[in-house]
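Accompanying notes for the structure given below.
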Amino acid sequence: MGNKVTSFTETQLEAYQDCTFFTRKDILRVFERFKGLAPDLIPYNMTSNEGSKLKIPVDKVENMPELIENPFRRRICQVFSDDGSGDMAFDDFLDMFSVLSEAAPREIKSTYAFRIYDYDGDNYLGKTDLEKTLKGLTQDSLKKEEVTFIIDKILEETDLDEDGMMSFTEFEHAISRSPDFLTTFHIRI
């Protein structure tokens with residue numbers, strides 16, 4: 001019995017390192033977080049395909065300390081889960097932690113932020129998407145008129161082609177003017 005962790009083969013770890021912003025040590029720490037959410041569901045040693053098949057239910061993932069206070073926790077889980085349900089396999093969980101890590105570049109973070117706010121999945125942030133986002137940010141504390149006013153102001157500032165919705169390019173432009181985007185769109189492992 002040594003301290004050697006054998007959760008993954010060398011090939012698996014190398015593959016994870018190639019597709020994330022993590023070191024081997026980081027990957028193993030993320031796996032420990034994943035396993036800790038549902039130790040009865042996740043084996044100590046992962047076979048080559050279990051990382052994408054064994055899933056932890058969304059209610060366990062969204063209630064972990066890193067997400068519990070986030071008003072978009074359910075939506076984050078849905079965006080990062082491969083089937084959109086929010087239930088997460090280790091591959092999904094690792095992707096989420098990688099994108100939300102401090103090492104991930106702004107371009108990747110903005111892509112996922114856009115997907116999180118694009119509730120209807122039409123590749124635009126329309127008034128309904130913005131309303132849901134605003135309600136999440138304010139814990140639904142605004143009156144209907146206030147929500148409408150704010151959404152109109154957001155679109156007035158960001159909708160450069162004046163089509164009544166925000167494209168990804170327009171979203172990126174708005175995010176580029178937000179200095180605290182990178183510091184707020186992250187999770188620490």
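The values are calculated or read from the model by the stated rules, or taken from the named source; none is laboratory data. Predicted, not measured: the structure shown is a model, and the values here were computed from it. Glycine also receives a Cβ, built like all others from the backbone with ideal geometry; neighbour counts cover every protein chain displayed. Protein only, heavy atoms only, side chains kept; ligands, DNA and RNA dropped before computing areas. Shrake-Rupley method; radii C 1.70, N 1.55, O 1.52, S 1.80 Å.
A few points about this structure:
- Highest average packing first - 127-135, 156-164, 66-74, Cβ atoms within 10 Å: 127-135, 66-74, 156-164
- Carbon/sulfur fraction of accessible area - the chain, other protein chains in place, 1.4 Å, %: 51
- With contributions of -39500 (n - 2.57) from each DSSP H run of at least four residues, the per-residue ellipticity at 222 nm computed over the chain stands at -15500 deg cm²/dmol.
- Pairs of Lys residues in the chain that lie 8 or more places apart, or on two chains, and have C-alpha atoms under 21 angstrom apart add up to 19.
- Solvent-accessible surface (1.4 Å probe) assigned to Val147 amounts to roughly 10 Å².
- Per residue, the chain exposes 56 Å² of accessible surface when a 1.4 Å probe is rolled over the protein heavy atoms with every protein chain present.
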